[in-house]
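Student: Right, I'll just put the structure down here and ask away after.
The values are calculated or read from the model by the stated rules, or taken from the named source; none is laboratory data. Since the structure is predicted, the reported quantities are computational estimates derived from the model, not experimental observations. Note that each Cβ is placed from the backbone with ideal geometry, even for glycine, and that neighbours are counted across all protein chains shown.
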Amino acid sequence: MPAGVQPEPAAPATIVEASEDIVVIGRLPQSSLPPSSVPSAVQVLDVEELRRSGIPGLPDALAGQVPGLTLSDEQGNSYQPDLSLRGFQATSVTGVPQGVSVFLDGVRVNEPTAEEINFDLLPTEDLDRIEVIPGPSVVFGRNTLAGAINLITRRGKEGSAASAEVSAGSAGLQKYRVRVSGRTGPVDLYLSGTQTQEDGWRNATDARLTKLFGKIGFRANGTDLTLSYQHADNRIAQAGPLPASALDSNRAANYTAGDFFAPRLDQLALNGRRNLGEGFTVSANGFGRLLHVEQFNVNLIGENSRLLSRTASAGGTVQLDRAGTVLGKWNLVSMGLEYAHSDVEVSVFGAHDLDTKVRDRQDALAAFLQDTFRLARAALLHGDELILTAAARWDFIRHRIADQSPTAPGREDASGAPAFRRLDPLIGLNYNLSPDHGVYASWSQGFRAPALLELTCAGPAAICPGLQAGTAPDPPLNPVRTTSYEIGLRTRPRPWLAGQLSAWRTEVVDDIFSVSPAGTTGVYFQNVGRTRRQGIEASLRGKPAAWLGASASYAFTEARFEDEVVLATPRRTADCAGASCNEQVRAGSEFPLVPRHRAHAAVEVQPYTWLSLFLSGTFVGSQRLRGDEENVAPKLDPWFSLDGGVRASAAGFAAWVRCTNLLDARYSNFGTYAPNAKLPGAPVEPFLTPGRPFQIFAGLSYGFGSGTYSAP
């Protein structure tokens with residue numbers, strides 16, 4: 001699998017496609033829909049196997065299960081990977097155009113500073129269910145250009161249970177975890193705590209992650225309530241990429257030792273559902289979220305730059321569902337309102353003084369309506385059905401930016417109140433020969449409003465050489481708008497075999513990229529016209545015998561520019577003015593860091609009930625380096641990684657050993673261009689993040705109780 005520590009064995013998660021047994025529950029607890037009624041290539045992961053194997057990184061789990069989802073590693077550590085889905089990004093790196101929304105128990109966790117995702121803050125070990133819904137979504141809303149990842153945490157089971165786990169391995173990894181859970185009558189409880197420490201396989205890449213999670217629930221007489229609390233306090237060293245000239249001599253080197261990311265999060269979420277009778281249910285959630293971040297970079301804007309941010313968010317969603325009949329035909333209608341307010345403060349310090357400071361008060365309001373209607377049943381064949389999905393969503397986002405930066409020559413005040421609004425529709429059809437065989441087609445639109453960082457760095461008077469707040473929001477940026485088309489089929493030819501195939505295209509208008517004006521040093525953000533993502537995804541999963549399970553997936557993804565555009569690049573080109581260089585990007589040029597080909601296969605053998613052996617392999621095709629949007633420089637080489645392991649369990653105990661990169665392949669999974677300040681003249685060259693070498697991890701867990709989550 002791509003970069004990321006795998007400290008415990010990762011048996012393939014159970015993904016059931018084209019089956020009425022697994023339902024799509026949506027963003028809030030609501031009336032359920034099976035995948036055969038959803039016009040999209042929905043992937044639903046039952047994470048029981050993932051939970052028992054203890055995979056610490058959600059992206060690593062998804063990369064092995066979801067076609068078209070690829071990981072790269074710009075930050076150079078185990079806990080902050082960059083996720084690419086259908087040519088869009090979900091990453092912790094600010095300033096990178098984002099296009100994937102992530103929700104945890106109904107709460108949007110994209111950060112309001114730049115729509116980034118901090119995967120290290122998510123309670124990965126406490127998930128009960130994962131849904132990946134590709135394409136723009138009316139229910140999930142803005143920024144779902146590639147799709148939404150919906151995460152549902154677990155709750156206590158009937159009876160009581162407790163477990164403890166300890167694991168260790170390469171790079172000084174140590175992990176300790178305890179959890180208790182149970183249910184008595186209408187009340188259930190779940191509590192967990194996890195402490196992870198790692199020295200890192202590269203120099204000066206230590207990490208410490210402390211996580212606490214708790215949920216209390218109440219279920220009785222048609223009412224279902226949960227109150228959850230999450231705390232995370234992490235400190236993660238960031239090695240980043242290495243100059244290509246130094247990579248061969250020491251792959252474990254750290255070019256800028258001392259960089260770190262230290263977030264502290266507290267989040268409270270209340271979810272409820274009430275059955276009103278006659279097919280009506282109402283669902284609602286409310287949340288409060290407080291995040292403090294300290295980020296230190298030895299070479300950001302100047303030497304020893306430090307970013308401090310505070311984000312306080314609160315809001316809620318209410319949704320009314322009605323499942324019943326209209327004109328004698330089955331129908332499910334959902335309508336909802338949501339509101340969120342975020343107060344963001346960002347300060348960037350140079351070696352000694354405050355460089356920039358900005359505050360943004362954001363308001364996001366939305367209303368949506370979705371209707372799923374069975375148009376016909378047994379129209380052509382016995383048991384067939386035709387289902388129509390029609391939906392619309394209106395979003396309004398307003399920023400109130402106050403620039404509190406020190407005055408400086410040439411710097412304009414960034415204060416302003418830009419607002420964005422958009423109405424997005426969705427139309428889809430499902431034709432099912434039976435619950436196990438069907439085809440679908442959909443057309444939808446989506447949008448992403450410019451983020452705070454982009455708005456405060458959107459003009460020539462606001463040159464941003466790094467992560468810099470406090471610059472002019474004029475000229476304004478247009479929101480990114482998409483139109484998506486998708487067709488596909490689902491099939492289950494045998495009870496033990498499921499397959500899925502889809503083809504999709506997303507047309508994008510006003511994509512946001514960084515550009516560089518002639519005669520200046522630095523970049524700013526600007527709309528660049530039309531771009532396109534398109535591809536084909538296929539997956540096949542089966543369990544032909546109780547002792548044998550296997551899966552395989554393949555994705556072809558093409559992401560390209562449709563208009564000619566001039567972009568900033570660190571490379572030395574024919575169009576350079578001082579330290580600033582431009583590249584002439586032709587229509588048809590490929591996006592960087594989007595591999596055209598990706599394939600994954602996994603097999604698990606269980607010769608005895610207490611023993612499992614598993615093997616998985618991932619192939620990722622060649623990719624353009626960031627900074628080579630004009631497609632003239634060599635590509636990042638394709639790579640293949642093989643993982644494997646064994647797990648044994650008995651009497652509540654489980655022991656496992658897992659190896660990553662069994663072939664010790666030498667590859668790089670991220671590439672960009674930058675000046676190498678450690679060489680005379682600071683020549684610009686490729687900077688690459690090396691993939692992990694062969695590593696081995698082992699662990700032991702013990703669980704007891706009638707509702708235990710320990711491995712069998």
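Student: As an exercise: evaluate residue 618 against (1) among the polar types (S, T, N, Q); (2) at pLDDT 95 or above; (3) in contact with a Gly (Cβ under 9 Å, 6 or more places away or on another chain) and give the number of the one condition it does not meet.
Tutor: Tallying (1) among the polar types (S, T, N, Q); (2) at pLDDT 95 or above; (3) in contact with a Gly (Cβ under 9 Å, 6 or more places away or on another chain), residue 618 fails exactly one: (2).
Student: Give the residue, chosen from 377, 359, that is in contact with a Gly (Cβ under 9 Å, 6 or more places away or on another chain) and either farther than 30 Å from residue 487 by Cα or not β-branched (Val, Ile, Thr) (or both). Don't jump to the end; show me each part of the working.
Tutor: Working: 359 fails: in contact with a Gly (Cβ under 9 Å, 6 or more places away or on another chain).
Every option except 377 fails the conditions.
Student: Against the condition buried (at least 18 other Cβ atoms within 10 Å of the Cβ) and without any contact (Cβ under 8 Å) to a residue 60 or more places away in the chain, how does residue 288 come out, does it pass? Don't jump to the end; show me each part of the working.
Tutor: On the way: buried (at least 18 other Cβ atoms within 10 Å of the Cβ): no; without any contact (Cβ under 8 Å) to a residue 60 or more places away in the chain: yes.
For residue 288, the condition - buried (at least 18 other Cβ atoms within 10 Å of the Cβ) and without any contact (Cβ under 8 Å) to a residue 60 or more places away in the chain - is not met.
Student: Next question, about the same structure. In the range 582-604, how many residues are more than 26 Å from the chain's Cα centre (by Cα) and under 26 Å from residue 552 (Cβ atoms)? Write out each step before concluding.
Tutor: Kept after step one, since they are more than 26 Å from the chain's Cα centre (by Cα), are these residues of the range 582-604: 582-588, 604.
Checking which are under 26 Å from residue 552 (Cβ atoms) leaves us with 604.
Number satisfying all stated conditions: 1.
Student: Quick one: would you say residue 200 is farther than 13 Å from residue 125 by Cβ, touching a helix residue (DSSP H, G or I) at 6+ places or on another chain (Cβ under 7 Å), crowded, with 21+ Cβ neighbours inside 10 Å and small (Gly, Ala, Ser)?
Tutor: yes
Student: Go through the range 135-183 residue by residue and tally those that are among the acidic types (Asp, Glu) and either buried (at least 19 other Cβ atoms within 10 Å of the Cβ) or touching a Phe, Trp or Tyr at 6+ places or on another chain (Cβ under 8 Å) (or both).
Tutor: Of the residues in that region, 1 qualify.
Student: Is there any pair with a first residue in the range 483-507 that is farther than 14 Å from residue 558 by Cα and a second that is of a type in the set (Lys, Arg) whose Cβ atoms are under 6 Å apart and which are 6 or more apart or on different chains, and what are they?
Tutor: Filtered contacts from the range 483-507: 485/505; 496/543; 498/492; 498/541; 500/490.
Student: Considering only residues that are among the β-branched types (Val, Ile, Thr) and surrounded by fewer than 24 Cβ atoms within 10 Å (Cβ to Cβ), which ones fall in the range 88-97?
Tutor: Of the range 88-97, the ones among the β-branched types (Val, Ile, Thr) are 91, 93-94, 96.
93, 94, 96 - these are the residues of the range 88-97 that are among the β-branched types (Val, Ile, Thr) and surrounded by fewer than 24 Cβ atoms within 10 Å (Cβ to Cβ).
Student: Related question: Only one of (1) crowded, with 23+ Cβ neighbours inside 10 Å; (2) modelled with pLDDT under 85; (3) hydrophobic (A, V, I, L, M, F, W, C); (4) out of contact with any Pro (no Cβ under 7 Å at 6 or more places or on another chain) is not met by residue 66, so which one is it?
Tutor: (2)
Student: I need a count of the residues in the range 379-391 that are touching a strand residue (DSSP E or B) at 6+ places or on another chain (Cβ under 8 Å) and either at pLDDT below 90 or under 16 Å from residue 40 (Cα atoms) (or both).
Tutor: Summing the residues that are touching a strand residue (DSSP E or B) at 6+ places or on another chain (Cβ under 8 Å) and either at pLDDT below 90 or under 16 Å from residue 40 (Cα atoms) (or both) in the range 379-391 gives 9.
Student: Of 598, 626, 658, 666, which residue is touching a Gly at 6+ places or on another chain (Cβ under 9 Å), more than 20 Å from residue 64 (Cβ to Cβ) and crowded, with 20+ Cβ neighbours inside 10 Å?
Tutor: 626
Student: Among the residues of the range 275-283, is any in contact with a Leu (Cβ under 7 Å, 6 or more places away or on another chain) and over 30 Å from residue 388 (Cβ atoms)?
Tutor: The answer is no; no qualifying residue exists.
Every residue, every condition in (1) out of contact with any strand residue (DSSP E or B) (no Cβ under 8 Å at 6 or more places or on another chain); (2) over 23 Å from residue 241 (Cα atoms), yes or no:
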{"position": "624", "(1), (2)": "no, no"}
{"position": "630", "(1), (2)": "no, no"}
{"position": "643", "(1), (2)": "no, yes"}
{"position": "650", "(1), (2)": "yes, yes"}
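Student: Here's a follow-up. Starting from the range 520-546, take each residue that is farther than 26 Å from residue 594 by Cβ and list its partners that are at pLDDT 90 or above and surrounded by fewer than 21 Cβ atoms within 10 Å (Cβ to Cβ), counting only C-beta distances under 7 angstrom and pairs at least six apart or across chains.
Tutor: Note: pairs meeting the criteria are 542/496; 542/497; 542/550; 543/496; 544/496.
Student: Are any residues in the range 432-457 of a type in the set (Phe, Trp, Tyr), out of contact with any Gly (no Cβ under 6 Å at 6 or more places or on another chain) and surrounded by 18 or more Cβ atoms within 10 Å (Cβ to Cβ), and if so, which ones?
Tutor: As a first pass, look at the range 432-457 and keep what is of a type in the set (Phe, Trp, Tyr): 440, 443, 447.
In the following step, the residues that additionally are out of contact with any Gly (no Cβ under 6 Å at 6 or more places or on another chain) were identified as 443, 447.
Listed by number, the list holds a single entry, 447.
Student: In the set 140, 213, which member is within 30 Å of residue 443 (Cβ to Cβ) and within 26 Å of the chain's Cα centre (by Cα)?
Tutor: Numbers: 213 fails: within 30 Å of residue 443 (Cβ to Cβ).
After ruling out the rest, the residue left standing is 140.
Student: Within the range 531-575, track down each residue that is in a strand (DSSP E or B), closer than 30 Å to residue 687 by Cα and either β-branched (Val, Ile, Thr) or out of contact with any strand residue (DSSP E or B) (no Cβ under 7 Å at 6 or more places or on another chain) (or both).
Tutor: Matches in the range 531-575: 531, 557, 565, 566, 569.
Student: Moving on. Just to be sure before I move on: is residue 100 touching a strand residue (DSSP E or B) at 6+ places or on another chain (Cβ under 8 Å), surrounded by fewer than 22 Cβ atoms within 10 Å (Cβ to Cβ) and β-branched (Val, Ile, Thr) in the structure I sent?
Tutor: No, not satisfied.
Student: At pLDDT below 90 and within 20 Å of residue 504 (Cβ to Cβ): is that true of residue 98 in this structure?
Tutor: In short, yes.
Student: Moving on to the next point. Of the residues that make up the range 492-513, is at least one on the phi < 0 side of the Ramachandran plot, among the small types (Gly, Ala, Ser), modelled with pLDDT of 95 or more and within 23 Å of the chain's Cα centre (by Cα)?
Tutor: yes
Student: Which ones in the range 110-129 are among the aliphatic types (A, V, I, L, M) and under 10 Å from the mean Cα position of the chain (by Cα)? Show your work before the answer.
Tutor: Of the residues in the range 110-129, the ones among the aliphatic types (A, V, I, L, M) are 114, 117, 121-122, 127.
Listed by number, the list holds a single entry, 117.
Student: Just for strands (runs of 3 or more DSSP E) wholly inside the range 219-308: which have at least 3 residues that are closer than 30 Å to residue 352 by Cα, among the polar types (S, T, N, Q) and modelled with pLDDT under 95?
Tutor: By residue number, 280-299.
Student: Conditions: (1) of a type in the set (A, V, I, L, M, F, W, C); (2) surrounded by fewer than 20 Cβ atoms within 10 Å (Cβ to Cβ); (3) out of contact with any Leu (no Cβ under 8 Å at 6 or more places or on another chain); (4) under 24 Å from residue 569 (Cα atoms). Residue 581 meets all but one. Number of the miss?
Tutor: (2)
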